[in-house]
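Please read the structure below before turning to the comments.
Just so you know, all these numbers are worked out from the coordinates, no wet-lab data involved. Since the structure is predicted, the reported quantities are computational estimates derived from the model, not experimental observations. Please note: Cβ atoms are built from the backbone with ideal geometry, for glycine as well, and neighbour counts cover all protein chains shown.
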Amino acid sequence: MAGYIVVIGASAGGLNTVVQLVKGFKKDLDAAYIIVLHLFETKIGEYLVAKIQDRTPLSCLLVQDNMEVLPGHVYVAVPNYHVLVNKGMLTLSAGAKENRWRPSIDVLFRTAAASYSNRVIGIVLTGMLNDGTTGSSAIKRSGGIVIAQDPNEADYPDMPNSVIENVEVDHVLTVSQMPGVIQNHHESRS
């Protein structure tokens, strides 16, 4: 089981942003990374896994039901299922859509906060509307860290702006700055 998790949410404009972010992740952290990306295409998950795997030393997998959260791994949500984090395991749920999406960023973030408390970092990237805001609030209440993409850099700034306006965000960063902040935060808590 990973000692730390980083949960990442993106929507419109997020495909290349997520790939750019993951390129900076280091394998030496006791951390796992879980990504929800709002895209309708059913094959986009496999495409994203392949694209990420080509750019990172971490192992990249599509989330499967009852999958253990392991350090050094990137997990990508599959279409039409929420990803739930529970005691070091990932489960899939076909529950009701939230913010018009399944998977929902908020569902992932809330369950990560409940399971990992102050050992979770939530990152909200480019996207429209406000998915990720209530989940980021749950992360903050549990003692975790919230990072929003700099809205000036985001292709679609609604999601990061919503988090910045409604949650006490720890960092507003460009995507290229995020891996270093994750590394520093992890080292300061180890």
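Between residue 20 and residue 87, the FRET efficiency estimated from the beta carbon spacing at R0 = 22 angstrom works out to 0.10.
Along the axis of the charge dipole computed for the chain (Cβ charges of +1 for Lys and Arg, -1 for Asp and Glu, origin at the Cα centre), the listed residues 84, 132, 177 are led at the positive end by 84. At the listed q of 0.23 Å⁻¹, the Debye profile of segment 99-138, built from one uniform point per Cα, gives log10 I(q)/I(0) equal to -0.69. For segment 154-190, applying the loop criterion from DSSP together with a ceiling of 16 other beta carbons within 10 Å to the GluC sites (Glu not before Pro) yields 168.
In this rough spin-label picture, where each label sits 7 Å from Cα along the Cβ direction, the residue 65-residue 100 distance is 2.9 nm.
For segment 53-106 versus segment 173-190, the inter-centroid distance based on Cα atoms is 22 Å. Computed over segment 74-131, the alpha-carbon pair-distance distribution with 5 angstrom bins reads 4, 19, 29, 27, 16, 4, 0, each value a whole percent. Here, the chain has an Rg and a Dmax of 14.3, 39 Å when only alpha carbons are counted.
For the chain, the Cβ-based charge dipole about the Cα centre amounts to some 360 debye (Lys, Arg positive; Asp, Glu negative; other atoms uncharged). Over every Cα atom in segment 131-190, the radius of gyration and the widest Cα-Cα span, Dmax, amount to 11.6, 35 Å.
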